Each structure stands twice: as structure tokens, then as C-alpha cells.
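Taken together, the values in this text are just the output of simple stated rules run on the coordinates, not laboratory data. Note that the coordinates shown come from a computational prediction; the quantities given were computed from them, not determined experimentally. Backbone-built Cβ (ideal geometry, glycine too); neighbour counts: all protein chains shown.
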Amino acid sequence: MQKPILIIGACGQIGTELTMELRNKYGADKVIASDIREGNDTLMASGPFELLDATNYAAIEDVVMHYEIDEVYLMAAMLSATAEKFPMRAWNLNMNSLFNVLNLAKENKISKIFWPSSIAVFGPNTPKENTAQSTIMEPSTVYGISKQSGERWCEYYFKKFGVDVRSVRYPGLISWKTMPGGGTTDYAVEIYHEALEKGSYQSFLDKGTKLPMMYMDDAIRATIQLMESPAEQLTVRSSYNLGSMSFTPDDVAKSIKKHIPGFEISYAPDFRQKIADSWPSSIDDTQAKKDWDWKPEFDLDQTTSEMLTNLKK
Ligand code: SER
């Protein structure tokens, strides 16, 4: 039987859908949602919720003890674009929250952790195409530096203290239920909203900026699949490369035009262009495929259909 799970950062873009999926799977009372703010009505009505600051060790420990939590999914983080504006706040949130859950596991108060990393761990000197699991990593953003450091600490806690921590490097995530906040890949969500509302979109990334991307259903499936895999199958305890599709703003526009022929896109790259230019264009996720059978399902046109159909409702 599934022991209680705590989601920290349950009201964000990934957390909302992850919480709902885990509740469907294991039962609402087995999945405790938490965040520093309340989430959407569907999430709030679906099961237990605690207001929780991810940087407060004692507060997390209280919730863990109260609900006899066994697994923690730590989804709270400041993303790439916002982190460039508030470097110290980003470092504080992204690192201290991770240490809090790693230390809870080290003290045997919880037994399993999921912590997301990102394609942002790579940098301008990383080979861009089919970027390998292990390669040059010299991240040039605050967010990337925090995720790269986090990966090192995860592996360290696994090797030194036997902490069962699992992680994937998410690509840009596309979803319709909850808006992303403060990321460089957010254009790929905004574009669908504005295609329906205005019939046009001004992209903050340039026409040919190719980035690794993924539809949320694939990301949630990957996350749960990794968490359910037998520990002995996992050979990566920093974070797994996770691939699905790669596309440019121009590709998304063409895909949208198949549904909305009059859709128009224009380009006005801002500070986020430089962040995007430092990231890979495509990802080699052979190791995830080999170790835990990872297989993506959604391509760009399927993603476009899902996005437009669901947002129209
Ligand atoms: N989607 C994230 C961002 O753009 C990358 O992990 O910041």
C-alpha cells in the first residue's frame, strides 16, 4: 500500500498536475499538497492542503511527522528568467529547499525524494545537438547554477548517506491547466493562449531558437515512472536527461496555423534570448530509456491539438 506523499510546491505548473495524478492513482488522502500560496479551486477541493514555506526546515518536518510522510516531491523553485532578476532569492529558495528534504531523508524521516533538475544545467560550451547525459556543464544562469549544484548534492547524499533521491532534467514544459511562471520556455505556453484570444503572438525568443520541449502528460508520466522504478535499476543519481521533441517558435506557429490559418507571429527577443541560446537544442535520453523504460508520446502537432482543444473549453 502507498504510504503518504508530500508535494512541496503543489500549486505551480508541474505541481498542480502531479498532485492530481498522484491523487487519482493512490487516493486523495495519501497525497498532501503544500505551497506558500493556495492553488486553483480544483486542486484545493481535491484533498488535504498545507501552507508551507519550502525554506523552513522545522515547518516541513512538522508536516512530515503529522501525516507520517514517506515520500517528498519537491517542486518549489524559482525559474530561469525570474532568477536572473533575484539571484540571491533564487539561490536561497532553490538550494535551501533541497537541503531541507535531503536532510530529512538523511535522518530517516522520509525514505524517497523526487527533485526536478532542468536542461538549464547545460551551458554555452555544451554540445548543442543530442546533448549527452554526461558532458561539459558550465551553466551561465543563476537557475542553471542552482540546478547543477543541486544535482551534485543529490548524488553526494545518495553515495554518502544512501538517500534515495531521484531526478530528471525537464525540458520546457507545455500545459494548459496552470500557467508556468518566470521561465525562458514559457513562450511555448503563452503562444497558444494568445493564438485563441488574439490570433497573434509576439515571441520573446527568436524565430529559429530550437529548444527541447515536452507536453505535460509526458512529464508527469516520466516523473511517476521514475519514482516507481526499483532502486537497483537506477544508474544516475544526479539527474536523468529526459527528451521528447525539439522545436522553434516558427515550428509552433506553423503547427498552430494548421488549426488557425490566420494566426500571425512576430519576434521581439528580450533578455531571455541569451538564456535560451545557452541551452541545448536537443537531448540524448538513452540512459532514461535503458534504466526505466522512458518513452515519450506527444509530438508537436499532438501537443498543439491538445492545447487548443482544452484551452478553447
Ligand atoms: N522551463 C524552465 C525555464 O525556462 C527550464 O527548466 O526556466
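Amide H to amide H, with H built 1.01 Å from N, GLU264 comes under 5 Å of SER200, TYR201, counting only residues 5 or more places away or on other chains.
Can you tell me how the stretch 188-230 classifies by the Cα gyration tensor, rounded, prolate or oblate, using a/c under 1.5 as the rounded cut?
Working: a/c = 6.09, a/b = 2.24, b/c = 2.73.
Taking the square roots of the gyration eigenvalues as a ≥ b ≥ c, the stretch 188-230 is oblate.
Evaluating 6.51 cos²θ - 1.76 cosθ + 1.60 at θ = phi - 60° for every residue in the stretch 272-289, the Karplus couplings come out as 6, 4, 5, 5, 4, 5, 8, 9, x, 8, 8, 10, 8, 10, 3, 5, 5, 5 Hz, glycine and proline recorded as x.
Taking one quarter of the surface of the C-alpha convex hull of the stretch 156-267 gives a mean projected area of 8.4 nm². With contributions of -39500 (n - 2.57) from each DSSP H run of at least four residues, the per-residue ellipticity at 222 nm computed over the chain stands at -13000 deg cm²/dmol. With axes computed from alpha carbons, what is the tilt in degrees of helix 13-26 against the longest principal axis of the chain, rounded to the nearest 10 within 0 to 90? Value to nearest ten degrees: 50. Centre-to-centre, using Cα atoms only, the stretch 10-51 and the stretch 194-208 are separated by 31 Å.
Site pair LYS160 and ILE36 shows an inter-label distance of 2.7 nm when each label is modelled 7 Å from Cα along Cα→Cβ. Pairs of lysine residues in the stretch 89-184 that meet both criteria, 8 or more places apart or on different chains and Cα atoms under 30 Å apart, total 15. In the chain, the convex hull through the Cα atoms has an average projected area of 14.9 nm², a quarter of its surface area. Note on the stretch 43-173: Cα-only Rg and Dmax are 15.6, 47 Å.
Protection proxy ranking, highest mean first, for peptides 265-278, 150-163: 150-163, 265-278, where packing is the per-residue count of other beta-carbon atoms within 10 Å, averaged. Helix 300-312: angle to the longest alpha-carbon principal axis of the chain, degrees 0 to 90, nearest 10? Roughly 80 degrees between the two axes. Using the Karplus relation 6.51 cos²θ - 1.76 cosθ + 1.60 with θ = phi - 60°, the per-residue 3J(HN,Hα) values for the stretch 40-52 come to 6, 4, 4, 5, 5, 7, 8, x, x, 9, 10, 6, 8 Hz, with x marking Gly and Pro.
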